[in-house]
Amino acid sequence: MPLTGRRLRQENKTMRSGRNRTAFTLVETIAASVILCMAVLTLGTISTRSLVSMSLDRQYEEAAALADKQLTYIDYVGIEDFIETGRRQGALKGFGRQYYWKAATAYEGTDDLYEVTVTVSWFDRKRVHSISVATMLNGTGLLLVSTPEE
């Protein structure tokens, strides 16, 4: 059916007013791009922070394991023999990082009971982190020194 003059004018008017428009304008496209970029940056920031937090948590776990290892050694040797050696601090290499330990002891006054505190510290991103573990140990150890019989 051919378009008459009146019908043609209505079609032109409708096209100019934009009522049947199906494309996005430049402003809408830029606004959508900005929102998308902000969402991607937010997700990237959250991911980075969670990775840093996981790394620090792993370091704390390693330090706690090394403190437990040092306490086990002190218990094995015996707290009194450990105190006599005079070595109350040192460095431990573990899991790709340098850790430093320090032991403090206090005699409780009853039944050869000592309070032992082991502190493990390390450097990460120009900050010092540390963890302390305290326990009570009896004065005798498990290490038996055999002497030749005479």
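Below, the figures for the structure above:
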read-out	value
Answer residue from segment 80-99, given it is in a loop (DSSP other than H, G, I, E, B) and not hydrophobic (A, V, I, L, M, F, W, C) and is farthest from GLU62 (Cα to Cα) among those	GLY86
Residue in segment 43-50 that is part of a helix (DSSP H, G or I), at pLDDT 90 or above and over 18 Å from the mean Cα position of the chain (by Cα) present	yes
Boolean, ARG97 is touching a strand residue (DSSP E or B) at 6+ places or on another chain (Cβ under 7 Å), surrounded by 11 or more Cβ atoms within 10 Å (Cβ to Cβ) and at pLDDT below 90	yes
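The values are calculated or read from the model by the stated rules, or taken from the named source; none is laboratory data. Being a predicted model, the structure only gives us computed values, none of them experimental. We place every Cβ from the backbone using ideal geometry, glycine too, and count neighbours over all the protein chains shown.
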